[in-house]
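I have placed the structure first, in the form of structure tokens, so that the comments after it can refer back to it.
The values are calculated or read from the model by the stated rules, or taken from the named source; none is laboratory data. All figures in this text were calculated on a predicted structure; none of them were measured in a lab. Cβ: placed from backbone, ideal geometry, glycine included. Neighbour counts: every protein chain shown.
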Amino acid sequence: MPWLSPFCVVAGMSSETNAFPWKNVFGWGIPMLLAWVLVNLIKNLPTAHITRPGTASVVFNSFSGLQRGRVLRPGAAFLTPGVERGIPYEVRIQVWEFTDQSTSRVASNPVSAIAADGQSFSINVNIALRLNPDTLDDLHAKIGENYILTSVVPLVRSKFRDVAAKFQSEDFYRRDRRLEVEKQAKELINAELPKTQKDGKNVPMMSVEWVYMETAAFPPALRESIEKKQVAGILAQTAGVRAQIQQKETDRALILAKANERAIELKGRAALLGGP
């Protein structure tokens, strides 16, 4: 058919026989298709998982699930393409904030508590948290990647309230008492953070390195009362120190007076003994 001639030429067919060169299509098409599939496999399914410094990774297998006992440390590790994938966790110290400010490390809102004298307040709390790389597989299996919201936040809130209930409102304005609150809160939190069994021992999955409190937000009237009381206390201490200094000056003056009196007495005796 003459009208098919242009199409036959483009398709590589003979205009006379109208025969399509299937041999050429299969000869070149299949290898090109296989090459395209291979390139996409290499590009989309990497065979090496890179664990960055400061992190560790657990390995998830698409068929058998989490590989228990296998934690990848910083470096490269071979993973079966399309079957295994590494899930990284930060194992350096992370600072998490309980605040209403917008930061990259917000764990939750400020902590609300009630002091021993019945005064309610809120306070921004910061914690330094470190994951145990040796127990990451158990952490992923039992708690998961959302461990901050599911385990850490409720525990920090609960234990901080327990500690705050032992201290008076004014203690949150005194440095030595604030340090004691932070110490007790850290101890209580660490005591109840998730643990797991390793080699027959109860090992923590994570730990709190330190707890830091910002300024407590008490009602304005109470805050002013506490501040006035603190100022009065400082003035009283200052007055006491001044009284001690004055007393020491008085004692010193008396000692000098007695010394002068003794010196005069000795000079008088010497004059009598040396007289005619």
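Here are the numbers:
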| quantity | calculated |
| --- | --- |
| All strands (runs of 3 or more DSSP E) inside region 74-121 with 2 or more residues being out of contact with any helix residue (DSSP H, G or I) (no Cβ under 9 Å at 6 or more places or on another chain) | 75-78, 84-90, 94-98 |
| Selection count where residues are over 16 Å from the mean Cα position of the chain (by Cα) and either modelled with pLDDT of 95 or more or polar (S, T, N, Q) (or both), scope region 88-100 | 1 |
| Residues of region 54-69 classified as surrounded by 15 or more Cβ atoms within 10 Å (Cβ to Cβ) and under 16 Å from N132 (Cβ atoms), total | 4 |
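Yes/no matrix, rows are residues, columns are (1) crowded, with 19+ Cβ neighbours inside 10 Å; (2) over 21 Å from the mean Cα position of the chain (by Cα); (3) modelled with pLDDT under 95; (4) acidic (D, E):
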| residue | (1), (2), (3), (4) |
| --- | --- |
| P154 | no, no, no, no |
| F160 | yes, no, no, no |
| V163 | yes, no, no, no |
| R175 | no, yes, yes, no |
| A185 | yes, no, no, no |
| N190 | no, no, no, no |
| K201 | no, yes, yes, no |
| W210 | no, no, no, no |
| A217 | no, yes, yes, no |
